[in-house]
Amino acid sequence: MTTVESATASASGAAATDRFQADKSPFAAVKDVPKDRVDTLAREVLSAVHATIRKHQVTYDEYNALKAWLIQVGADGEWPLFLDVFVEHAVEEVATAHRKGNKGTIEGPYYVPGAPERGAEGSILERDEPGIPLVWEGVIRSTDGTPLAGGKVDVWQDDDAGFYSQFSEGQPEWNLRGVFTVGDDGKFRIHTIKPQPYQIPHDGATGALIEAAGWHAWRPAHIHVKVSAPSHELLTAQLYFPGDDHNNDDIAQAVKPELMLDPQEQPDGSILVQYDITLDPA
Ligand code: MBD
Ligand code: FE
């Protein structure tokens, strides 16, 4: 951990909120969800809250602590962080249960569309980057085994100090982000560094909850990826490393055995991972 960087909850929270409002909220408004769905879902969530209050004899002090905390989540811009850490995994499970191809997992709050194109092989390092060099090679295929020409692998990850570019100070804008486009053989080769275990920002409201509940804020090291190809379903996934301290207690509950890499240490100390991607026809 040699880089000097920082990521306060309010700075990364504000950036994540801006990102969501630019990319996703224009395409999803509560008024566009069918009335009977809103009625059912809102009613059941509220009933679950009422049941918890009765079961545990919740006091006015506790109710006011909740109110103050909810206000603070918004003030810190942490709704994207909180929801992606504690809720998204269940949505992802429901959305992808039908798939025969690759398992996916949550996107999280730090994807930025429009990363630089890096060919079928290239590096996502935009500076002299501390860390263990890592090469990920793989093939994008359809469920019938055909390589998917024109497929894209859009990757993002944290640096050796555990920070994401554009959500912390001090990294080049597109550091550790990039889009790889494959040819007829479906092959890509990504040059990067091994990511670090990631502690979600914990000086804001999400951190206050984690602290108050006696939880921890860690996610295991991971490489995020979105893989797409013509006429196929978009896959959003993360890849993990065996032996990480937090593979079994990820705060975001986003680890799946199918997403575990098999890193091969090379004579020069670098790491090679081979991991192919299979996409479902749309
Ligand atoms: C991350 O890097 C992440 O992957 C998730 C899911 C939540 C917060 C930060
Ligand atoms: Fe992440």
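Side notes on the structure shown:
- The Arg189 and Ala28 beta-carbon pair, evaluated with R₀ = 25 Å, returns a calculated FRET efficiency of approximately 0.10.
- Over the stretch 142-275: Kirkwood hydrodynamic radius from C-alpha pairwise inverse distances, Å: 16.6 Å
- Around Ser142: net Lys/Arg minus Asp/Glu count, Cβ-Cβ under 14 Å: -3
- Only alpha carbons enter this Debye calculation for the chain, each as an equal point scatterer, and the log10 of I(q)/I(0) it gives at q = 0.15, 0.16 Å⁻¹ is -1.24, -1.38.
- Cα long-axis angle, helix 35-56 against the chain (0 to 90 degrees, to the nearest 10): 70 degrees
- Shape annotation for the stretch 129-211: C-alpha extents along the principal axes are 49, 28, 21 Å, from largest to smallest.
- Going by neighbour counts of Cβ atoms within 10 Å, the residues Phe180, Phe241, Phe27 line up, fewest first, as Phe27, Phe241, Phe180.
- Net length gained if the chain between Asp245 and Ser10 were fully extended (0.36 nm per residue, minus Cα distance): 81.9 nm
- Long pairs among Lys35/Lys55; Lys24/Lys256; Lys24/Lys187; Lys24/Lys226, criterion Cα-Cα beyond 22 Å: Lys35/Lys55; Lys24/Lys256; Lys24/Lys187
- In terms of packing, defined here as the mean over residues of other Cβ atoms within 10 angstrom, the peptides 107-120, 219-232, 54-67 line up highest first as 219-232, 107-120, 54-67.
- Those residues of the stretch 103-139 whose amide nitrogen sits under 11 Å from the label point placed on Thr181, 7 Å along Cα→Cβ: 117-120
- Convex hull projection area averaged over all views, the stretch 1-142, Cα basis, nm²: 13.9 nm²
- Counting charges near Trp174 (Lys, Arg +1; Asp, Glu -1) among other residues having Cβ under 11 Å from its Cβ returns a value of 0.
Since every read-out is calculated from the coordinates, none of them should be taken as a lab result. A quick note: this is a predicted structure, and the numbers were derived from the prediction, not measured. Positions of Cβ are backbone-derived with ideal geometry, glycine not excepted, and every protein chain shown enters the neighbour counts.
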